[in-house]
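Worksheet: the structure to be examined is printed underneath.
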Amino acid sequence: MASERESVTEAADSGGLSIRMASSIGAFTRAEWDRFSGVSRDNCETPYNPFISFDFLNILEESGCAVRKTGWQGHHLRLEDAGGAVLGAVPCYVKSHSQGEYVFDHGWADALERAGGRYYPKLQAAVPFTPASGPRLLVNRNADAAAVKTALAQGLRQVAERVGVSSAHVTFAQADDMAALEGAGFLARTDQQFHFLNEGYSSYDDFLATLASRKRKALKKERREALSSGITIDWLTGADLTENVWDDFFAFYMDTGGRKWGRPYLNRKFFSLVGERMADDVLLVMAKRNGRYVAGAINFIGSETLYGRNWGCIEDHPFLHFEVCYHQAIDFAIEKGLKVVEAGAQGEHKLARGYRPVTTHSAHFIAHAGLRSAIEDYLRRERREVARMSEYLGEHAPFRRGELQQAELRMLSEPPSSTTD
């Protein structure tokens with residue numbers, strides 16, 4: 001394992017703590033990784049996020065999806081004490097492009113290139129191909145969380161400076177991570193997603209009762225029409241996830257991926273490994289017609305959140321995408337008592353289906369002083385626009401006004417959680 005790590009830099013004045021780099025998640029032992037908060041279901045103190053689990057990140061590398069060849073070279077940070085014990089980590093990659101990130105910086109790259117600089121390579125602290133918020137500065141459950149996050153944020157910046165890359169980016173970060181990153185000189189950026197918030201509903205009809213009458217009728221009609229061609233829906237998880245099922249879903253994924261962005265990010269091996277090692281963390285919502293599956297969506301199951309990811313189909317039917325991706329996810333969350341459905345990046349059409357605007361966060365260290373100044377000004381204006389748009393969309397949510405006000409009061413009175421920040 002030691003041969004896979006290279007000592008890069010000391011993590012500021014942190015009492016003998018040091019930052020080392022790991023070229024793969026496999027350079028950590030599972031025991032080391034599972035000591036971090038939020039990465040395992042065994043830790044009941046922090047909500048489990050499957051995307052930062054050892055298995056998910058390791059599968060991305062083992063399958064060849066997130067490796068040097070695809071422009072995702074592992075450069076994971078390990079924060080160690082003087083005795084070599086791992087106190088924290090950052091899933092991080094050296095990137096040669098900006099694909100698969102969902103927080104767009106192409107304009108920044110173009111500006112630096114036009115000025116005669118070099119934007120790539122850059123450091124990207126993220127879960128590849130996954131626009132889901134979660135911990136990015138990972139902390140050993142027995143360590144001082146604030147101190148470790150501070151050391152990791154400072155260490156990430158120092159690694160960027162030592163390696164000589166143009167920038168370091170931390171995407172879809174949580175609020176407590178953002179505080180440490182901003183303290184280390186990273187610039188704050190916001191964006192918007194749409195999440196379903198389960199207000200303790202006992203059924204989908206219970207949820208519908210909170211909507212305005214016209215919206216309620218529209219959604220009932222939409223769901224009927226989605227299945228009007230004799231389509232039935234299956235929820236598949238655990239032992240249901242056979243290789244034949246993955247073959248069907250992969251065909252859907254490749255069709256949609258090829259039409260939307262040319263080269264899908266995930267390969268067939270990825271899905272087999274997920275089925276082998278993470279089957280209980282996966283929900284496939286599959287639509288069947290005339291005895292065969294014709295569409296499906298993959299979701300990952302956290303301890304509090306259902307994360308909607310990829311969708312595809314080989315037959316087009318009106319409203320089927322909405323049924324499989326959004327309505328069925330709400331059904332599952334309500335039945336299983338999950339608090340949130342994160343339905344992926346973008347999509348104002350989700351608002352009409354009961355999903356609410358939620359702010360997401362990222363942090364950016366820019367080495368070039370001139371580019372940093374320009375980006376800082378741009379982000380200041382962008383944050384104002386994101387806040388304005390969120391307020392506007394919130395006012396046009398389909399909920400009855402009284403229900404919306406009560407939900408807003410509950411959100412204000414509850415402490416922020418990692419799933420809704």
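The residues on offer are Ala126, Ala143, Ala89, Ala66, and the sole one that is in contact (Cβ under 8 Å) with a residue 60 or more places away in the chain and touching a Gly at 6+ places or on another chain (Cβ under 9 Å) is Ala66.
Against the definition (assigned by TED's automatic domain parsing to the domain that holds His368, in contact (Cβ under 8 Å) with a residue 12 or more places away in the chain and either surrounded by fewer than 18 Cβ atoms within 10 Å (Cβ to Cβ) or among the polar types (S, T, N, Q) (or both)), how does Ser167 come out, yes or no? Yes. Pairs linking a residue in the range 218-231 that is assigned by TED's automatic domain parsing to the domain that holds Glu315 and of a type outside the set (A, V, I, L, M) to a residue that is modelled with pLDDT of 95 or more and not in a helix (DSSP H, G or I), with Cβ atoms under 6 Å and 6 or more positions apart or on different chains, are Glu222/Phe319; Glu225/Pro318; Glu225/Phe319; Ser229/His317; Gly230/Arg289. Checking the stated criteria, Asp255 turns out to be in contact with a Gly (Cβ under 8 Å, 6 or more places away or on another chain), touching a residue at least 12 places away in the same chain (Cβ under 8 Å) and among the acidic types (Asp, Glu). When Phe54 is tested against (1) in contact (Cβ under 8 Å) with a residue 60 or more places away in the chain; (2) of a type outside the set (Val, Ile, Thr); (3) closer than 27 Å to Val165 by Cα; (4) touching an Asp or Glu at 6+ places or on another chain (Cβ under 8 Å), just one condition goes unmet, and that condition is (1). Would you mind stating whether Asp55 is at pLDDT below 95 and either within 20 Å of Ala180 (Cα to Cα) or not small (Gly, Ala, Ser) (or both)? Answer is no for this residue.
Residues that are modelled with pLDDT of 95 or more, among the β-branched types (Val, Ile, Thr) and touching a His at 6+ places or on another chain (Cβ under 7 Å) were ranked within the range 338-361; the one that is surrounded by the fewest Cβ atoms within 10 Å (Cβ to Cβ) is Val340. Take Tyr102 and tell me if it is assigned to a strand (DSSP E or B), of a type in the set (Phe, Trp, Tyr) and under 23 Å from Leu138 (Cα atoms). Here the answer is no, as Tyr102 does not meet what is asked. Taken over the range 20-51, the criterion of being of a type in the set (Lys, Arg) and either assigned to a loop (DSSP other than H, G, I, E, B) or without any contact (Cβ under 8 Å) to a residue 60 or more places away in the chain (or both) is satisfied by Arg30, Arg35, Arg41.
For the range 362-421, how many residues are at pLDDT 90 or above and not in a helix (DSSP H, G or I)? Counting residues in the range 362-421 that are at pLDDT 90 or above and not in a helix (DSSP H, G or I) gives 7.
The values are calculated or read from the model by the stated rules, or taken from the named source; none is laboratory data. Given the structure is predicted, the values throughout are model-derived calculations rather than measurements. Note that each Cβ is placed from the backbone with ideal geometry, even for glycine, and that neighbours are counted across all protein chains shown.
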